[in-house]
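Each remark here refers to the structure printed beneath this line.
Quick note: the coordinates plus some simple rules give every number you see, no bench work behind them. Predicted model, so just to flag it, every value in this text is computed and none were measured. Here Cβ is always computed from backbone atoms with ideal geometry, including for glycine, and neighbour counts include all displayed protein chains.
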Amino acid sequence: MAWVPLVFLLLFAPPWPGPPPSMDASVLVGAEDDGDIPDEAFFALVDHVRSWPEGAKTPGVRLEVARDDLLRDPSSYRGLLLVIKGRVEQHRDLGAPFEDVQEWFIRDGGGDPCIVYVVGDTAISAVDGTEVIMEAHFYKRMLLEDRSGVQRAYPALAGAFPIVLQPADDAPIVGVASLWALLAILSGGLLLVILLARKVSGRQASRRAIVLTEDSLPPDPPLPEEADEALRELKRRGHDDPA
C-alpha cells in the first residue's frame, strides 16, 4: 500500500511548470560582442525570458561551461542555458523600455564576475551581498570598466526566477544583535524578580508579632526583709498585675 500516498501526491500536487522554453540561437545573431546594451539580440532575448513559465526549472543534468571559453568564443555558446551561482555585488534598474529588467553583477565562488540581466519581479532577491542561484541564457561578451577604471571582459547572460541561497552579510549580524538583546532583557527580568522577592520577604519579617510568655518575662525582685515593707511590696505588685 506504499503506492497510495504517491498516487494522491500525483493527483493533487500542483502541475510542474516545466523547463524554460527552448530558444533558437539564431535569434541572437544580432548580438554585438564587446558592445553595450541594448542591441537587436537583447530585445529578442528579454522577450524570450519573459515567456518563461512561472518558476521554470531545467530538470536533470545542467551543462557547465568554463568562463574563459565563453569569453574566448562567445558565438559558439550564444543562447546556451547555463546555471549561475554566486553573490550579488551590485544591481541597477534598466528603465524604459525594460522596466522589469535589472542588471546584476554576480561573483561566483572562484571570484569571477559575470553580468546577468534578470527579468521579472526581483524585489525579494535583489539585495547586494545575497547568495543566489538561477538559470540564464548566455548572451554575449561585454567590455566594461571596473571600479578602478580598467576595462575588462564579462560574460553577459539573461534569465529569471533567482533563488536566494543565503541572505546578505548583515543578516547574521542582526541575528546576533537580537540574541544579545534577548539575553539582556532576560537578565534584567531575573534581577527585577530577585529584588522584588527580597522586598517582599523584608516586609513579611517586619510584620511578625512579638509574643511574650511567662518564661520570657524578667523575674520579680526579692521581697524586703522587714515584714511591713514586704507586705507593702506584695500589695503593690498585686495592684500592678492585670486583673
Subtracting the Cα-Cα distance from 0.36 nm times the residue separation, let me have the gained length for ASP93 to LEU165 in nm, one decimal.
23.7 nm
Which of LYS140, LYS235 comes first, and how do the rest follow, when ranked by fewest Cβ neighbours within 10 Å?
LYS235, LYS140
What nm value, rounded to one decimal, do you get for the distance between GLU54 and GLU40 when each label is placed 7 Å out toward the C-beta?
3.6
Relative packing of 153-163, 85-95, 44-54, which averages over residues the other C-beta atoms within 10 Å, highest first:
153-163, 44-54, 85-95
How far is it, in nm, from the label point at ARG67 to the one at ARG236 when both lie 7 Å from their Cα along the line to the Cβ?
11.3
